[in-house]
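Chemist: My questions all concern the structure below.
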Amino acid sequence: MNQPLLRAAGVDVRFGGVHALRGVTVSVGPGEICGLIGPNGAGKTTLFDVLSGMRRPDAGTVAYDGADISRRSPAWRARHGIRRTFQRRQLFGQLTVEDNLVVAREWRGGLRPAARGHRERAAAVLASCGIDALGGAYAGALPVGQARMAELARALADPPRVLLLDEPASGTTAEERGRLASVVRRAAGEGCAVLLVEHDVAFVGELCSRVVVLDLGEVLAEGTPAEIRAHPAVREAYLGL
Ligand SMILES: Nc1ncnc2c1ncn2[C@@H]1O[C@H](COP(=O)(O)OP(=O)(O)OP(=O)(O)O)[C@@H](O)[C@H]1O
């Protein structure tokens, strides 16, 4: 990996008696697509909550470009290029797909004259994701595969530096997964650091150069997809082999 762009170090999160994360250290560098896998309840979404600022950890830090951002809000992080998609759909259902992107740009970039051109950029991002035909559709009416791509497009509405993708391929067809993969690859090719939570191990193996495995709130293993597939503890805890 290059120098990490986003790094969680020694992160602990407790929910009452549940120790959801225990001393977790994970980082991702510019241009890298890193997979984050593990069984249900392993702590993947909780780690995304910590990285995106939605949950303050009980211990540990988050660094961005070498600076400690542990106390920065989710809004600050989003404005500074750390973007996230969610396991459950979070589009504004009563807005059109294009308006979802415009709102994201207005909110991040402000309504200053310098930030004009939101609609043009939104249309260009939709086209680059292959969903320009959906720009006028209400987001709430989209089938799941199209909604996943629309959510990714919203995260890309102005260029992100980090993408945190929580199960982007869940509920998609093979063809939709292929299109999602090429959009994610292109973002990484433009220097974006991508952390990808996904249960579809084949999708992870195809896209990621490095994979981190969480189990019961701890990092169980880290390596290339081939190393992870061959790792005895991973095979037992997660792959069911
Ligand atoms: N708000 C909460 N209150 C209490 N416990 C929580 C809360 N959020 C998560 N947990 C618990 O923390 C642990 C980690 O949950 P998390 O959702 O991060 O796992 P995950 O790896 O994302 O799982 P999945 O693959 O099912 O999405 C689980 O035991 C979960 O029940």
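Chemist: Karplus couplings for region 151-157 from phi (6.51 cos²θ - 1.76 cosθ + 1.60, θ = phi - 60°), rounded to Hz, Gly and Pro as x?
Modeler: 5, 5, 4, 5, 5, 9, 4
Chemist: What whole-number volume per residue, in cubic angstrom, does the convex hull of the C-alpha atoms of region 90-223 give?
Modeler: Values: hull volume 16.2 nm³, N = 134.
Cα-based convex hull of region 90-223, divided per residue, equals 121 Å³.
Chemist: Can I ask one more? Which value in nm describes the separation of the simple spin-label points at ALA181 and ALA141, placed 7 Å from the Cα toward the beta carbon?
Modeler: 3.2
Chemist: Please list, in order along region 68-73, the HN-Hα scalar couplings obtained from phi with the Karplus expression 6.51 cos²θ - 1.76 cosθ + 1.60 (θ = phi - 60°), rounded to whole Hz, x for Gly and Pro.
Modeler: For region 68-73, the Karplus-derived couplings read 6, 10, 3, 9, 7, 6 Hz, x marking Gly and Pro.
Chemist: Kirkwood hydrodynamic radius of region 21-143 from all distinct Cα pairs, in Å? Show your work: numbers first, answer last.
Modeler: Details: mean 1/r = 0.0598 Å⁻¹.
Hydrodynamic radius (Kirkwood, Cα pairs) of region 21-143 is 16.7 Å.
Chemist: Express in % the proportion of alpha carbon pairs of region 1-69 at distances exceeding 16 Å.
Modeler: 45
Chemist: Place a +1 charge on the Cβ of each Lys and Arg in the chain and a -1 charge on the Cβ of each Asp and Glu, then give the dipole magnitude about the Cα centre in debye, rounded to the nearest 20.
Modeler: On the way: 30 positive and 26 negative charges, 152 e Å.
The dipole magnitude comes to about 740 debye.
Chemist: Accessible area per residue for region 1-43 in Å², computed with a 1.4 Å probe and the full protein assembly in place, what is it?
Modeler: On the way: 1720 Å² over 43 residues.
In whole numbers, region 1-43 has 40 Å² accessible per residue.
Chemist: List the trypsin sites (Lys or Arg not before Pro) in region 1-79 that DSSP assigns to loop (not H, G, I, E or B) and whose Cβ has at most 10 other Cβ atoms within 10 Å. Which are they?
Modeler: Values: sites: ARG7, ARG14, ARG22, LYS44, ARG55, ARG71, ARG72, ARG77, ARG79; in loops: ARG55, ARG71, ARG72.
Answer in residue order: ARG71.
Chemist: Turning to a different aspect of this structure: What FRET efficiency comes out for ARG14 versus LEU95 if R0 is 35 angstrom and r is the Cβ-Cβ distance? Round to the nearest 0.05. List each step's numbers first, then the result.
Modeler: Details: r = 37 Å, r/R0 = 1.05.
FRET efficiency, ARG14 to LEU95: 0.40.
Chemist: Taking every DSSP beta bridge with both residues inside the chain, roughly what % is antiparallel (nearest 5)? Don't skip to the end; give the middle numbers.
Modeler: Details: 20 of 36 bridges.
Once the DSSP bridges in the chain are tallied, antiparallel ones form about 55 percent.
Chemist: Viscosity 0.890 mPa s, temperature 25 °C: Stokes-Einstein D of the chain from its Kirkwood Cα radius, in µm² per second? Provide the component values of the computation, followed by the final result.
Modeler: Numbers: Rh = 18.2 Å.
It diffuses with D of about 135 µm²/s by this estimate.
Chemist: In the calculated pair distance distribution of region 39-81, what percentage of Cα-Cα distances lie above 16 Å? Walk me through the numbers on the way to the answer.
Modeler: Details: 310 of 903 pairs.
Value for region 39-81: 34 percent of Cα pairs lie more than 16 Å apart.
Chemist: Okay, next question. Can you work out ³J(HN,Hα) from phi for every residue in region 172-188, in order, using Karplus 6.51 cos²θ - 1.76 cosθ + 1.60 and θ = phi - 60°, giving whole Hz and x for Gly and Pro?
Modeler: After applying 6.51 cos²θ - 1.76 cosθ + 1.60, I find 9, 7, 4, 5, 5, 4, x, 6, 4, 4, 6, 5, 5, 4, 5, 4, 5 Hz.
Chemist: Here's another thing I want to ask about it. For the chain, what relative contact order do you get, as a whole percent, if you take Cα pairs closer than 8 Å and at least 6 residues apart?
Modeler: Details: 464 pairs, mean separation 64.9, N = 241.
Once divided by the residue count of the chain, the mean separation gives 27 percent.
Chemist: Now for a separate question. Which of GLY35, GLY117, GLY43 moves most in a GNM of the chain, Cα contacts under 10 Å?
Modeler: Checking each option, the largest mean-square fluctuation is seen for GLY117.
Chemist: Moving on. When the accessible area of region 1-134 is split by element with a 1.4 Å probe, what percent falls to carbon and sulfur? Could the numbers behind the result be given before it?
Modeler: Working: 3200 of 6590 Å².
Here carbon and sulfur together make up 49 percent of the probe-accessible area.
Chemist: Counting other Cβ atoms within 10 Å of each Cβ, which GluC sites (Glu not before Pro) in region 186-241 have at most 15 and sit in a DSSP loop?
Modeler: On the way: sites: GLU190, GLU198, GLU206, GLU218, GLU222, GLU227, GLU236; in loops: GLU190, GLU198.
Loop-located and lightly packed - GLU190.
Chemist: For region 92-194, with every protein chain kept in place, what is the accessible area per residue (1.4 Å probe, Å²)?
Modeler: Numbers: 4530 Å² over 103 residues.
I get 44 Å² per residue for region 92-194.
The values are calculated or read from the model by the stated rules, or taken from the named source; none is laboratory data. The shown structure was predicted, so the numbers you read here are calculated from the model rather than taken from an experiment. With ideal geometry, Cβ positions are generated from the backbone for all residues, glycine too; neighbour counts draw on all protein chains shown. To get the accessible areas, we keep the full protein, side chains included, count just its heavy atoms, and leave off ligands, DNA and RNA. Shrake-Rupley method; radii C 1.70, N 1.55, O 1.52, S 1.80 Å.
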